[in-house]
Amino acid sequence: AEEYQPPIWKSYLYQLQQEAPRPKRIICPGEVENRPKYYGREFHGIISREKADELLGGVEGAYILRESQRQPGCYTLALRFGNQTLNYRLFYDGKHFVGEKRFESIHDLVTDGLITLYIETKASEYISKMTTNPIYEHIGYATLLREKVSRRLSRSKNESRKASVTNEEHTAVEKISSLVRRAALTHNDNHFNYEKTHNFKVHTFRGPHWCEYCANFMWGLIAQGVRCSDCGLNVHKQCSKHVPNDCQPDLKRIKKVYCCDLTTLVKAHNTQRPMVVDICIREIEARGLKSEGLYRVSGFTEHIEDVKMAFDRDGEKADISANIYPDINIITGALKLYFRDLPIPVITYDTYSKFIEAAKISNADERLEAVHEVLMLLPPAHYETLRYLMIHLKKVTMNEKDNFMNAENLGIVFGPTLMRPPEDSTLTTLHDMRYQKLIVQILIENEDVLF
């Protein structure tokens with residue numbers, strides 16, 4: 001990657017962290033009775049704030065632990081910082097904490113606290129402006145490489161199948177940051193451009209790390225920022241609120257097919273719809289459309305679980321042919337299970353109540369119009385999956401004389417499978433079942449008009 005130019009990481013906050021005061025434990029000279037076993041000799045027993053202040057001796061970074069005089073059984077961290085003594089209520093639940101972060105030792109807690117206090121004191125104005133000029137929104141180095149990286153990624157994908165990628169090419173690709181990779185994927189013509197939010201989770205970074213949004217150092221000892229568990233983007237917690245909904249999931253991070261968010265799965269596999277849906281429907285239409293009770297008759301549960309495991313293990317290479325599973329009801333069962341296992345149903349929680357309200361409209365034309373309006377609110381990947389499924393179910397109803405499955409019967413089967421109320425209420429589910437059935441029935445009967 002000759003033209004690759006790494007981003008310019010901003011080192012100001014890193015320098016401040018290096019300057020932060022170091023913890024200085026003030027040890028109690030005598031043995032303290034009833035000292036909690038999870039505290040060391042920095043514990044001084046029941047003493048007043050004034051005594052604690054005296055023990056710290058005005059030394060920056062000095063700390064002790066004490067038991068509160070006013071509330072026996074409650075413990076306090078007394079810490080010297082900024083020419084004053086700060087007192088924090090201290091908790092322990094297997095780890096030590098005063099706020100959200102939890103630490104293995106008091107020393108780590110104090111180290112992190114001093115870093116945070118120092119940086120937020122010295123650079124509060126700087127931190128408040130960190131997100132105003134992010135590298136993320138105008139990454140020139142990514143723009144220059146975008147076309148070349150796209151070609152390389154595409155070529156590498158083909159060559160990897162032949163196992164002929166050279167070590168030199170591999171090294172070059174490794175140099176390209178995740179940020180550049182995402183930029184390249186975003187503009188890949190073959191990539192279906194569904195919007196997806198990042199799945200950020202608090203993360204502890206080992207060694208110095210910089211934010212891929214603002215390019216500033218991620219300060220602290222633990223839980224310095226957040227990482228997207230789907231694509232690996234590393235950013236400050238405050239920066240995560242400004243990152244666009246452009247997550248490009250990495251297949252290496254997607255551990256399974258079932259129970260995976262629908263949009264995450266299709267973006268990871270670079271497909272319009274979940275490949276489970278495509279593969280199962282292709283198999284069902286090839287050999288099962290005339291099967292009596294299609295989708296109503298259940299296959300053996302253990303065989304359905306086998307199909308699920310095959311997709312989770314082998315992805316699009318999963319073999320669900322008649323040679324392996326001669327009973328088509330196993331394949332229909334696996335498809336229904338995929339929809340039931342989705343963390344967000346095909347008809348999303350956000351649109352559920354709107355669909356139910358549309359189903360309650362008595363005038364058929366108005367009801368159809370209302371259903372169409374709500375369909376437009378579905379996320380693109382959900383809409384496309386629902387559209388494709390309804391086209392398939394329409395084909396099922398066209399074989400009703402053989403399979404005895406009309407739109408109403410399929411509505412009974414797929415209503416609770418495709419839509420679930422946001423609140424887990426048995427009463428709500430029972431009350432809404434007829435409307436769930438009606439919605440699916442309307443979608444099947446009018447798929448050519450609605451989609």
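The values are calculated or read from the model by the stated rules, or taken from the named source; none is laboratory data. It should be emphasised that the depicted structure is a prediction, and the values quoted were computed from it without experimental measurement. Counting neighbours? That spans all protein chains shown, and the Cβs are built from the backbone with ideal geometry, glycine included. What goes into the accessible areas is simple: the full protein's heavy atoms, side chains included, and nothing from ligands, DNA or RNA. Shrake-Rupley method; radii C 1.70, N 1.55, O 1.52, S 1.80 Å.
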Worksheet item: Label-point separation (nm) for Met309 and Glu195, each offset 7 Å from Cα along Cα-to-Cβ?
Response: 4.1
Discussion item. As a test of understanding, state the convex hull volume per residue of the range 249-361 from its alpha carbons, in Å³.
Written reply: 126
Worksheet item: What list of ³J(HN,Hα) couplings, whole Hz, do you get for the range 88-102 from phi and the Karplus terms 6.51, -1.76, 1.60, once you set θ to phi - 60° and write x for glycine and proline?
Response: 10, 5, 10, 10, 8, 9, x, 9, 8, 7, 10, x, 6, 6, 10
Worksheet item: Per the Kirkwood formula on distinct C-alpha pairs, the Rh of the chain is how many angstrom?
Response: 26.6
Practice prompt. State the percentage of accessible surface on the chain attributable to carbon and sulfur atoms; use a 1.4 Å probe and exclude ligands, DNA and RNA.
Written response: 50
Item to complete: Highest first, please rank the peptides 73-84, 122-133 by the mean number of other Cβ atoms sitting within 10 Å of their residues.
Response: 73-84, 122-133
Response to the item:
Applying the gyration tensor rule to the Cα atoms of the range 382-451 (axes a ≥ b ≥ c; rounded if a/c under 1.5, else prolate if a/b exceeds b/c, else oblate), the class is oblate
Item to complete: Treating the angle as unsigned and between 0 and 90°, give the value, to the nearest 10°, between the Cα long axis of helix 275-287 and the longest Cα principal axis of the chain.
Response: 20
Practice prompt. Report relative contact order for the range 1-112 in percent, whole number only (criteria: Cα-Cα under 8 Å, sequence separation at least 6).
Written response: 18
Worksheet item: Heavy-atom accessible area per residue, the chain, 1.4 Å probe: how many Å²?
Response: 51
Worksheet entry | Separation of alpha-carbon centers, the range 285-364 and the range 61-129, rounded to whole Å | 53
Worksheet item: Which distance in nm do the two modelled labels at Lys317 and Gln238 give, with both placed 7 Å along the Cα-to-Cβ direction?
Response: 4.7
Worksheet item: Distance in nm between label sites at Thr121 and Ser11, each 7 Å beyond Cα in the beta-carbon direction?
Response: 2.5
Worksheet item: Given Cα pairs under 8 Å that are at least 6 residues apart, what percent is the relative contact order of the range 369-451?
Response: 34
Discussion item. Just to be sure I understand: of the beta bridges DSSP finds with both ends in the chain, what percent are antiparallel, rounded to 5?
Written reply: 75
Item to complete: Please say if the range 16-109 is rounded, prolate or oblate, where rounded means a/c under 1.5 for a ≥ b ≥ c the square roots of the C-alpha gyration tensor eigenvalues, and otherwise the choice is prolate for a/b larger than b/c and oblate otherwise?
Response: oblate
Response to the item:
Stokes-Einstein, Kirkwood over Cα pairs, the range 326-432, 20 °C, 1.002 mPa s; D in µm²/s equals 142
Practice prompt. Using the Karplus curve 6.51 cos²θ - 1.76 cosθ + 1.60 with θ = phi - 60°, work out ³J(HN,Hα) for each residue of the range 259-269 in order, rounded to whole Hz, and write x for Gly and Pro.
Written response: 6, 9, 3, 4, 5, 4, 5, 5, 6, 5, 8
Worksheet item: In degrees from 0 to 90, rounded to the nearest 10, what is the angle of the helix 407-418 Cα long axis to the longest principal axis of the chain?
Response: 10
Discussion item. If you count only protein heavy atoms and use a 1.4 Å probe, how large is the accessible surface of Met433, to the nearest 10 Å²?
Written reply: 90
Fill in: Normalised contact order of the chain, rounded percent, pairs of Cα under 8 Å and 6 or more residues apart
11
Item to complete: Could you sort 404-410, 358-364, 8-14, 215-221 so that the peptide with the highest average Cβ count within 10 Å comes first and the rest follow in order?
Response: 215-221, 404-410, 8-14, 358-364
Worksheet entry | Nearest-20 debye value, the range 366-413 charge dipole, Cβ charges on Lys, Arg, Asp, Glu | 180
